[in-house]
């Protein structure tokens, strides 16, 4: 696939098509992990489930630390510039990168050993190593628009992941055998991604002078920002997995778990925006228009999900977790208040303008504010106060990034947001789903409340998505 957009191609359509592909590539592994989460929480003891989720929390944090922001940097620059960086890397720089990766993987193995992980320490370290290699190679293949091949690899890995967990619950596999299976699948995945990356590397023949000095500052801030952002998302769970008993940690984890497809959706939209912003001869006015159009489309998907989770939360926990984690519903309500912010990418324009320092500053201030609020709110509200601290700081961070973007582009911050479309979407969805829930809760069993409510939510979301796409003139 040609990495350059054809002159006659519709840029909006290219953006939506690329974002949709990126979302689907990341969707299937995420779907498999969510299905495995639900499957294990329903059939395994809370103590085991807590230790299992402790592994994934530590992995989420340390995998981003080990990646050093490189996947985001790869997607930020043209392929020729990235190729030049790869060709120009010195042996010392390569050794430093490998050493840092091995240190993080070793640290992860030690943490797992100390926390009574259900997996062997060497398995966990190997899993992190392979996942980092996979993330780097996948980002480079995305830069080459190798979407179909990446989709096939994603589906195959997701299927193997889910099958392994079915075997675990069925006692066909032990925990260690499950991880050995995942390691083998990751070796195959990395090999396939390496083949795609090699094809793209050979195809892009243009070479520019070594860009290391030019990208070093952005790389530094990107690595720091990615680390801070993942800490912000997971630091409460990362800390509590060492402080709480496994069963209580499992309760907190389920109550404060991000709706997994929303960060995925926003990440895909952000990657698509970066690819689009990187095209030559695009004025900032078109970039602002694109931000608002993407916000409108994201709102059509995010707002229905937000109100569904808000109104149907008790029935949802009853059906999904078989009433084993009903005590986590208040936590789920508080942490879900951040969902509407997923309808907009607050850093895409800043990242395109190489404002790495500003992004990092906002991320650090966000994390510090959350940490400052955690203890007093915990004293006031218990574990729900911990979740509320992160909700408040997230809204403050979004306002900070929005103000910076407006100042950079010399426009009012109001001009950056699709207010009218959002207000229409929120009103229609909020009222409509409230009526649906009240009617269903009175006449049908709990399972049907969830099934019918989720079906109507999907239909409403598709209707709003179609209208938003038509209004924004985004064609796939």
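Values quoted throughout were computed directly from the atomic coordinates according to the rules given, and no laboratory measurement underlies them. Given the structure is predicted, the values throughout are model-derived calculations rather than measurements. No Cβ is skipped: glycine too gets one built from the backbone with ideal geometry, and neighbour counts run over all protein chains shown.
List of remarks:
- The label point for residue 48 and the one for residue 100, both projected 7 Å from the Cα toward the Cβ, are 3.9 nm apart.
- Shape class of region 38-178 from the Cα gyration tensor (axes a ≥ b ≥ c, square roots of the eigenvalues): oblate, since a/c reaches 1.5 or more and a/b does not exceed b/c.
- Spin-label zone in region 451-468 - amide nitrogen under 14 Å from a point set 7 Å from the Cα of residue 439 along the C-beta vector: 452-457, 460
- Whether region 76-116 is rounded, prolate or oblate, judged on the alpha carbon gyration tensor where a/c under 1.5 counts as rounded: oblate
- Convex hull volume per residue in cubic angstrom - Cα atoms of region 155-198: 48
- Length released on extending from residue 174 to residue 151, taking residue separation times 0.36 nm less the Cα-Cα span: 5.4 nm
- Available extension along the chain between residue 113 and residue 459 is 119.9 nm, counting 0.36 nm per residue and deducting the alpha carbon span.
- Hull shadow area, averaged, region 283-476 [alpha-carbon convex hull, nm²]: 12.7
- Spin-label pair residue 395-residue 163: with each label point 7 Å from Cα along the Cα-Cβ axis, the two points sit 4.7 nm from one another.
- Cβ-to-Cβ counts within 10 Å put 394, 285, 174 in ascending order as 285, 174, 394, the fewest first.
- Normalised size of region 310-409, defined as Cα radius of gyration per 2.2 N^0.38 Å with N residues, equals 1.31.
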